[in-house]
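Reading through the structure tokens given below for one structure.
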Amino acid sequence: MNDFDQPYWDQHWRRARHHGTAPNPHLVREVAGLRPGTALDAGCGRGAEAGWLAARGWAVTAVDISVEAFTQAAANTVAWVRADLTTWTPGTRFDLVTTHYAHPAMPQLAFYERISEWVAPGGTLLVVGHAHGHHVAEAAATAGDITAFLDGWEIVTAGDHGHDVVVRARRTA
Ligand SMILES: C[S@@+](CC[C@H](N)C(=O)[O-])C[C@H]1O[C@@H](n2cnc3c(N)ncnc32)[C@H](O)[C@@H]1O
């Protein structure tokens, strides 16, 4: 376990109050060509990505542990869920499960594997995370670490982009 609990994340968002809210460029690039369906944003923060997806026709469920993040979230077309993703489970599977720099108080790869189970057959998992070298060492992973548990998936994108790791995979069955 580490200290990435709700008080940590509430403080993170109080400090980030004046930062910008542009959607993640890896999400924009990777998802632009997909047909909209249902989507889950795991660790959505203030919802820049969730709002961007909703504006493009995705039916978005956006989950975060931080109350503070939600006080700053705007889009009313998104289903916001305040929950701990290490214990919460959705009652359904999604055409897209996406996560951007979420690092909860559980091992990072176990977290990615956990959310991958929520992808519907034929659906897409998009992981945008911290690559090695990032200051939060516990949260770092390589593309190879992530694709290792995606046995039987079609790997569409897997690589490092500077400080980021990006993996997009399609569940084939
Ligand atoms: C570094 S922020 C990134 C937020 C957003 N995805 C972005 O790219 O701007 C990580 C987010 O994960 C959330 N988070 C961390 N642990 C969580 C957990 N156990 N359950 C749900 N959300 C969690 C935090 O509250 C925070 O909003």
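Volume per residue of the convex hull around the Cα atoms, evaluated for segment 63-173, comes out as 115 Å³. Just round it to a whole percent: the fraction of Cα-Cα distances in segment 1-110 exceeding 18 Å. That fraction is 47 percent.
Within segment 6-52, the percentage of alpha carbon pairs spaced more than 18 angstrom apart rounds to 38%. So if R0 is 30 Å, what FRET efficiency would Trp88 and His18 give, r being the distance between their Cβ atoms, rounded to the nearest 0.05? Between Trp88 and His18 the formula returns 0.55. Charges were assigned to the Cβ only: +1 to each Lys and Arg, -1 to each Asp and Glu. The resulting dipole of segment 16-68 about its Cα centre is roughly 180 debye. Extension gain for Tyr101 to Ala32 (0.36 nm times residue separation, less C-alpha to C-alpha distance): 22.9 nm.
Springs join every pair of Cα atoms under 10 Å in this Gaussian network model of the chain, and among Phe70, Phe94, Phe149 the largest mean-square fluctuation is at Phe149. In the context of the full set of protein chains, the chain has a per residue accessible area of 47 Å² (1.4 Å probe).
Computed from point charges on the beta carbon alone (+1 for Lys and Arg, -1 for Asp and Glu), the dipole magnitude for the chain about its Cα centre is near 580 Debye.
The values are calculated or read from the model by the stated rules, or taken from the named source; none is laboratory data. Because the structure is predicted, anything quoted here is derived from the model rather than measured. Virtual Cβ from ideal backbone geometry, glycine too; neighbours counted across all protein chains shown. Just the protein is used for accessible areas: all its heavy atoms, side chains included, with ligands, DNA and RNA removed. Shrake-Rupley method; radii C 1.70, N 1.55, O 1.52, S 1.80 Å.
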